[in-house]
1. Just to be sure I understand, how many residues within the range 56-72 are at pLDDT below 95, surrounded by 11 or more Cβ atoms within 10 Å (Cβ to Cβ) and either out of contact with any strand residue (DSSP E or B) (no Cβ under 8 Å at 6 or more places or on another chain) or among the basic types (Lys, Arg) (or both)?
2. It is to be established whether one or more residues within the range 11-22 are farther than 25 Å from ARG93 by Cβ, open to solvent by 20 Å² or more (accessible area, probe 1.4 Å) and assigned to a loop (DSSP other than H, G, I, E, B).
3. Just the residues that are in contact (Cβ under 8 Å) with a residue 24 or more places away in the chain and part of a helix (DSSP H, G or I), please, taken from the range 48-59.
4. Tell me yes or no: at least one residue of the range 80-98 is more than 15 Å from the chain's Cα centre (by Cα) and of a type in the set (S, T, N, Q).
5. Looking at the structure I just gave you, is LEU40 in contact (Cβ under 8 Å) with a residue 24 or more places away in the chain and in a helix (DSSP H, G or I)?
6. Which condition number in (1) of a type outside the set (Lys, Arg); (2) surrounded by 13 or more Cβ atoms within 10 Å (Cβ to Cβ); (3) touching a helix residue (DSSP H, G or I) at 6+ places or on another chain (Cβ under 9 Å) is the one that TYR26 fails?
7. So GLY45 passes all but one of these: (1) of a type outside the set (A, V, I, L, M); (2) open to solvent by 40 Å² or more (accessible area, probe 1.4 Å); (3) assigned to a strand (DSSP E or B). Which condition number does it fail?
Amino acid sequence: MKADAVRGHLDGLLLAVLEPGPLHGYAIITAVMNRSGGALELRTGTIYPALKRLERLGLLTSSWESIGERRRRCYRLTDEGRRSLAGERADWRQFTAAIGAVLNPGSNA
């Protein structure tokens, strides 16, 4: 899938994969890839700046945690992040309905 397809939706993707619980960067990348059936493959150079921005906005918190013998920064949603995710989902439903109406006129999709 084209990288441009993710543009504008990255925040929602990151928030969604963090909804069940905290994850470190590589696990976030893996979760997005798994949930998308391999169609979305994010790069570390894309997600880490986005995670830092979301943290600055108060949507995420992070802490260093030991996972096995390695220390990794783990990210988790804040209450504000959960509210933002709900908004992202509502916006996504509205967006896909509008695009569907244009691409498939006359259908209920």
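1. Of the residues in that region, 2 qualify.
2. Yes - at least one qualifying residue is present in the range 11-22.
3. ALA50, LEU51, LEU54
4. Yes, because at least one residue in the range 80-98 is more than 15 Å from the chain's Cα centre (by Cα) and of a type in the set (S, T, N, Q).
5. Against the criterion (in contact (Cβ under 8 Å) with a residue 24 or more places away in the chain and in a helix (DSSP H, G or I)), LEU40 does not qualify.
6. All conditions pass for TYR26, except number (2).
7. Condition (3) is where GLY45 drops out.
The values are calculated or read from the model by the stated rules, or taken from the named source; none is laboratory data. Source: prediction; values computed, not measured. Ideal geometry is used to build each Cβ from the backbone, glycine not excepted, and the neighbour counts take in all protein chains shown. SASA here: full protein model, heavy atoms, side chains in, ligands and nucleic acids out. Shrake-Rupley method; radii C 1.70, N 1.55, O 1.52, S 1.80 Å.
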